[in-house]
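Asker: Below you'll find the structure I mean.
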Amino acid sequence: MTELTYCYAHPTRETTLRCKNCDRYICTSCAVRTPTGYMCKDCVNQRRKSFDTAVWYDYLIGFGITFISSLIASTLVSLVASFIGFFIFFLAIGIASGAGVLISNLTLRALNKRRSRSLFYACATGVALGAIPIAIFLFFFGNWFAALAVVLYAVVVTPMVYSRISGIQL
């Protein structure tokens with residue numbers, strides 16, 4: 001006769017499933033599927049914490065660097081857009097690509113490669129918010145081509161900086 005086993009978190013649920021890390025019995029509601037097997041929620045949380053290495057001031061540094069850098073780059077886009085006209089859309093994409101690489105490299109160096117998902121979001125928010133004041137200023141002063149170029153810059157550079165800082169390889 002086989003021995004009945006129960007989930008460590010739910011003592012009334014019978015199970016035969018075990019966590020691949022700690023070897024405790026887990027029920028299907030406690031099991032988290034990973035690429036290499038099932039783990040309990042405690043082990044998954046411990047693994048996540050080992051990848052989140054950011055400290056509280058990294059959020060300020062990351063947001064500040066991306067905001068100021070994006071403000072400068074969007075100002076450059078707006079100045080160039082004021083003189084070139086329609087072809088600025090192509091140039092805005094080019095400037096955004098270069099600015100995205102530069103901003104992400106500066107940010108990674110300042111953060112000393114510490115990581116956290118919320119840190120990546122803070123940096124992406126800094127990039128987007130850095131372009132907004134310039135776009136609003138240009139819109140209210142009637143320079144719609146330049147304002148549209150700055151918006152295009154923000155749309156291109158924000159996901160680029162997020163993906164480079166988070167380490168996503170496309």
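The values are calculated or read from the model by the stated rules, or taken from the named source; none is laboratory data. Owing to the predicted nature of the structure, the values given are computational and were not obtained by experimental measurement. Neighbour counts are summed over all protein chains in view; Cβ atoms, including those assigned to glycine, are modelled from backbone coordinates with ideal geometry.
Asker: Of the residues that sit in segment 1-31 and are charged (D, E, K, R) and either in the same structural domain as Cys123 (by TED's automatic domain parsing) or modelled with pLDDT of 90 or more (or both), which one is surrounded by the fewest Cβ atoms within 10 Å (Cβ to Cβ)?
Answerer: Ranking the qualifying residues of segment 1-31, first place goes to Asp23.
Asker: Looking only at segment 151-170, count how many residues are assigned to a helix (DSSP H, G or I), among the β-branched types (Val, Ile, Thr) and surrounded by fewer than 22 Cβ atoms within 10 Å (Cβ to Cβ).
Answerer: Qualifying residue count for the region: 3.
Asker: Within segment 32-47, does at least one residue satisfy the condition of being surrounded by 14 or more Cβ atoms within 10 Å (Cβ to Cβ), in contact with a helix residue (DSSP H, G or I) (Cβ under 7 Å, 6 or more places away or on another chain) and assigned to a loop (DSSP other than H, G, I, E, B)?
Answerer: Scanning segment 32-47, I find no residue that is surrounded by 14 or more Cβ atoms within 10 Å (Cβ to Cβ), in contact with a helix residue (DSSP H, G or I) (Cβ under 7 Å, 6 or more places away or on another chain) and assigned to a loop (DSSP other than H, G, I, E, B), so the answer is no.
Asker: Counting only residues that are farther than 13 Å from Leu71 by Cα and among the small types (Gly, Ala, Ser), which one in segment 94-110 is surrounded by the most Cβ atoms within 10 Å (Cβ to Cβ)?
Answerer: Within segment 94-110, the match that is surrounded by the most Cβ atoms within 10 Å (Cβ to Cβ) is Ser104.
Asker: Right, here's the next one. Among the candidates Tyr6, Tyr25, Tyr59, which residue alone is within 30 Å of the chain's Cα centre (by Cα) and of a type in the set (Ser, Thr, Tyr)?
Answerer: Tyr59
Asker: Turning to a different aspect of this structure: Scan segment 65-76 and give yes if some residue there is more than 30 Å from Ala146 (Cα to Cα), crowded, with 18+ Cβ neighbours inside 10 Å and in contact with a helix residue (DSSP H, G or I) (Cβ under 8 Å, 6 or more places away or on another chain), otherwise no.
Answerer: Among the residues of segment 65-76, not one is more than 30 Å from Ala146 (Cα to Cα), crowded, with 18+ Cβ neighbours inside 10 Å and in contact with a helix residue (DSSP H, G or I) (Cβ under 8 Å, 6 or more places away or on another chain), which makes the answer no.
Residues are listed down the side, and each one gets a yes or a no for (1) modelled with pLDDT under 90; (2) acidic (Asp, Glu); (3) in contact with a Ser or Thr (Cβ under 9 Å, 6 or more places away or on another chain):
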{"residue": "Ser74", "(1), (2), (3)": "no, no, no"}
{"residue": "Ala81", "(1), (2), (3)": "yes, no, no"}
{"residue": "Ile93", "(1), (2), (3)": "yes, no, no"}
{"residue": "Leu106", "(1), (2), (3)": "no, no, yes"}
{"residue": "Arg117", "(1), (2), (3)": "yes, no, yes"}
{"residue": "Tyr121", "(1), (2), (3)": "no, no, no"}
{"residue": "Ala128", "(1), (2), (3)": "no, no, yes"}
{"residue": "Pro133", "(1), (2), (3)": "no, no, yes"}
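Asker: Select from segment 117-144 the residues that are part of a loop (DSSP other than H, G, I, E, B) and at negative phi and list them in ascending order.
Answerer: Phe141, Asn143
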